[in-house]
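The values are calculated or read from the model by the stated rules, or taken from the named source; none is laboratory data. Only a predicted model underlies this, so the values are computations on that prediction, with no experimental measurement involved. So basically every Cβ, Gly included, is an ideal-geometry build from the backbone, and we count neighbours across all protein chains shown.
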Amino acid sequence: MLAVMNPSLNALVSLCHTGALVGSVLIPLSGLTAWVFAITSLVPNTFMTRAAWKFWRIDTEIKAKILFHTSLWYLPVVLDHHVATNEAILIVNL
């Protein structure tokens, strides 16, 4: 409904949601992953934040597509990386 009523807010919402995704760097505080996850996940987080920031600054259809395509590879990469650095799995495999 937001896309129809106020399309310019789409960029702001995507920027806010990207901020929440980037907050995944704090997952090691819960003990679910190793601290190496926080450091190495900064690379995909930077790409995602950059795409969301560009879409927020200039909300065109092209920037929206770039953000969408970035999110298509971002989520699997970060989730796979989370599983790969999961401390419980690492302890069992040792």
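So which pairs qualify, if the first residue must be in region 54-68 and under 16 Å from ASN6 (Cβ atoms) and touching a residue at least 12 places away in the same chain (Cβ under 8 Å), the second must be loosely packed, with under 12 Cβ neighbours inside 10 Å and of a type in the set (Ser, Thr, Tyr), the Cβ gap must be under 8 Å, and the two must be at least 6 apart or on different chains?
Hits for this filter: ASP59/SER8.
Yes or no: PHE55 modelled with pLDDT of 90 or more and over 12 Å from the mean Cα position of the chain (by Cα)? Show your work before the answer.
On the way: modelled with pLDDT of 90 or more: yes; over 12 Å from the mean Cα position of the chain (by Cα): yes.
Taking the combined requirement at face value, the residue satisfies it.
Among (1) surrounded by fewer than 15 Cβ atoms within 10 Å (Cβ to Cβ); (2) over 18 Å from ALA11 (Cα atoms); (3) at pLDDT below 90, there is one condition GLU61 misses while meeting the rest; what is its number?
(2)
Going by the conditions given, is ASP80 surrounded by fewer than 11 Cβ atoms within 10 Å (Cβ to Cβ) and of a type in the set (Asp, Glu)? Even if it seems obvious, please write down each step before you answer.
Values: surrounded by fewer than 11 Cβ atoms within 10 Å (Cβ to Cβ): yes; of a type in the set (Asp, Glu): yes.
Yes, satisfied.
Residue by residue through region 20-36, note down the ones that are over 14 Å from VAL83 (Cα atoms) and surrounded by fewer than 10 Cβ atoms within 10 Å (Cβ to Cβ).
ALA20, LEU26, SER30
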